[in-house]
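Participant: Sharing a structure, written as structure tokens. Questions coming.
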Amino acid sequence: MSAFIPWNSQAIDVWGEQHAEGQFIDLGGRRTHYVERGEGQPVVLIHGFNLDWHTWMRNIDHLAANFKVYAIDLWGQGYSTREPLNYGYDLFEKQLRLFMEVMNLQKTSLVGHSMGAGTSITFALRNREKVNKLVLVDSAGIPVTLPFRSKVFRMKGVAEFLLSLRTDMIRRMNLGDFWIHNMEAVTNSDYEKLTGYQKVAGSHEAVLSILRKDFFNTLEDEIVELGKLNISTLIIWGRQDNSLPFNSGEKMHQVMPSSKLEILEEAGHLANFDQAESFNELVTNFLS
């Protein structure tokens, strides 16, 4: 058995060289890791909170059979920079805009999950001419009442202690509590990919800074405004989402006349992972 590598302990350059599967680019002096696959019309995948591009591990190859797909790691997560930043939708919108400029993407479709969907909403409002279609997966944005277990990691000291424990238990529990409906389908390889970036030094500080900003579900007015732009939008939600209830998707759909809502059964917050086959078919047909 290999020795346990402590969380939040590894130099990003060394750990990234060993485990990052994509490429690195400089955006405004900050490092961004991304994965690029396929050919055709461009599609950018944007992960949610406390995740990275592996959010799309069950989707990217299927989409890449039809499109030019880019999956980016947002700053503070994945194998992108860990420097202290003022995290929020403004920062992530800037990162996405710089990425498109450097990659010479004049117009693209965006597929965003949770906080990444909130980033997509913010970007579309500010850069309408750069957006073809939107896919919002279990999207953040609509205000919700947080359950107690979601508040625990907002408590200073408690979260730091739990995340520093030399065990996989906390992260496996979190995946089952907040993200994935069917943990029995998560292999050891899946788990290592979904959590591996958290070995990078500075990960705890970044992820808790993001969490404690409490900006995720502050886009109610923006979603109404987005509905006025007539952007073709597919909203996908997991029926068993324990983080953001599917009625948030219904509310979003009601104020976006150009949207279509699909509820996936037996799927949690990471609906694209739980029901990858259905998700891949829906998104491919929609973007085509």
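Participant: Which residue, 122, 108, 187, tops the fluctuation ranking in a GNM of the chain built on C-alpha contacts under 10 Å?
Facilitator: Checking each option, the largest mean-square fluctuation is seen for 187.
Participant: Sticking with this structure for a sec: Taking other Cβ within 10 Å of each residue's Cβ, how do 190, 13 sort, fewest first?
Facilitator: So the residues, fewest neighbours to most, are 13, 190.
Participant: Over the chain, calculate the relative contact order: mean separation of alpha carbon pairs under 8 Å at least 6 apart, over the residue count, as a percent.
Facilitator: Over the chain, the number comes to 22 percent.
Participant: What are the GluC sites (Glu not before Pro) within the range 1-107 that DSSP puts in a loop, where the Cβ has at most 16 other Cβ atoms within 10 Å?
Facilitator: Filter output for the range 1-107: 21, 39.
Participant: Right, another one. Rounded to the nearest 500, what is the 222 nm mean residue ellipticity of the chain from helices alone, with -39500 (n - 2.57) per DSSP H run of 4+ residues and division by all residues?
Facilitator: That calculation yields -10500 deg cm²/dmol at 222 nm.
Participant: Using only the alpha carbons of the range 159-281, determine the length spanned along each of the three principal axes and report them from longest to shortest in whole angstroms.
Facilitator: Each principal axis gives a Cα extent; for the range 159-281 these are 48, 33, 20 Å.
Participant: How long are the semi-axes of the ellipsoid equivalent to the range 112-208, from square roots of 5 times the Cα gyration tensor eigenvalues, in whole Å, largest first?
Facilitator: Its equivalent ellipsoid spans semi-axes of 28, 17, 15 Å.
Participant: OK, next. Where q = 0.15, 0.22, 0.24 Å⁻¹, what log10 of I(q)/I(0) comes from the Debye formula for the range 238-288, counting one point per Cα?
Facilitator: Ignoring solvent entirely, the Cα scatterers give -0.41, -0.84, -0.95.
Participant: Mean separation of Cα pairs under 8 Å and 6+ residues apart, divided by the residue count of the range 8-93: what relative contact order is that in percent?
Facilitator: In percent, rounded to a whole number, it is 29.
Participant: Also, I was wondering about something else. Test of understanding: in a Gaussian network model of the chain with alpha carbons linked when under 10 Å, which of 78, 28, 48 would top the mean-square fluctuation ranking?
Facilitator: In the Gaussian network model the winner is 28.
Participant: While we're looking at this one, here's another question. Taking the alpha-carbon set of the range 125-168, what are its Rg and Dmax in Å?
Facilitator: Calculated on Cα positions, Rg and Dmax stand at 17.5, 47 Å.
Participant: For the chain, find the longest principal axis of its Cα atoms and tell me its angle to the long axis of helix 203-213, 0 to 90°, nearest 10.
Facilitator: Helix 203-213 and the main axis of the chain meet at about 50 degrees.
Participant: Please report the spacing between the Cα centers of the range 272-287 and the range 249-271 in Å, no decimals.
Facilitator: When both Cα centres are located, 13 Å separates them.
Participant: Right, next: Divide the volume of the convex hull of the Cα atoms of the range 1-53 by its number of residues and quote the answer in cubic angstrom per residue.
Facilitator: It comes to 143 Å³ per residue, whole-number rounded.
Participant: Another one. With the cut-off at 22 Å, report for the range 1-140 the share of all Cα pairs above it, as a whole percent.
Facilitator: Above the 22 Å cut-off, the range 1-140 has 35 percent of its Cα pairs.
Participant: Separate question: Would you work out the charge dipole size for the chain about its Cα centre, treating the Cβ of every Lys and Arg as +1 and the Cβ of every Asp and Glu as -1, and quote it to the nearest 20 debye?
Facilitator: Using only the charged Cβ atoms, the result is roughly 580 debye.
Participant: Moving on. Given a 10 angstrom Cα cut-off, can you work out which residue in 68, 193, 156 is the most mobile in a GNM of the chain?
Facilitator: Fluctuation is largest for 156.
Participant: Mind checking the log10 I(q)/I(0) for the chain at q = 0.09 Å⁻¹? Debye, one equal scatterer per Cα, no solvent, two decimals.
Facilitator: For the requested q values the scattering log ratios are -0.38.
Participant: List the lysines whose Cα lies under 24 Å from the Cα of residue 133, skipping any in the same chain that are fewer than 8 positions away.
Facilitator: Answer for residue 133, where 24 Å is the Cα cut-off: 68, 94, 107, 228, 251, 260, listed by chain and number.
Participant: Counting pairs of alpha carbon atoms under 8 Å apart in space and at least six apart in sequence, what relative contact order in percent does the range 183-288 give?
Facilitator: 22
Participant: Could I ask something else about it? Output the 0 to 90 degree angle, nearest 10, between the alpha-carbon long axis of helix 115-126 and the longest principal axis computed from the alpha carbons of the chain.
Facilitator: With both axes taken from Cα atoms, the answer is about 40 degrees.
Participant: Based on the alpha-carbon set only, what is the convex hull volume of the range 62-101 divided per residue, in Å³?
Facilitator: Taking the convex hull of the Cα positions in the range 62-101, it is 87 Å³ per residue.
Participant: Considering only 35, 15, 50, whose Cα is most displaced toward the positive end of the charge dipole of the range 1-52, charges sitting on Cβ of Lys, Arg (+1) and Asp, Glu (-1)?
Facilitator: Result: 50.
Participant: Related question: What is the log10 of I(q)/I(0) for the range 38-89, computed with the Debye formula using one identical point scatterer on each Cα and no solvent, at q = 0.16, 0.22 Å⁻¹?
Facilitator: Values returned for q = 0.16, 0.22 Å⁻¹ are -0.50, -0.79.
Participant: Also, quick follow-up: Which angle from 0 to 90°, rounded to the nearest 10, does the C-alpha axis of helix 276-287 make with the longest principal axis of the chain?
Facilitator: For 276-287 against the chain, the angle is about 40 degrees.
Participant: Once phi is turned into θ = phi - 60°, what whole-Hz ³J(HN,Hα) does the Karplus curve with 6.51, -1.76 and 1.60 give for every residue of the range 151-168, x standing for Gly and Pro?
Facilitator: 7, 4, 7, 8, 7, 5, x, 5, 4, 4, 5, 5, 6, 7, 4, 7, 7, 8
Participant: Something else about it: Roughly speaking, what is the centre-to-centre gap between the range 13-28 and the range 128-200 when only Cα atoms are used, to the nearest Å?
Facilitator: 22
Coordinate-derived values only; no laboratory data. This structure is a prediction, so every number in the text was calculated from the model and none was measured. Quick reminder, even Gly has a Cβ in these numbers, built from the backbone with ideal geometry, and neighbours come from all protein chains shown.
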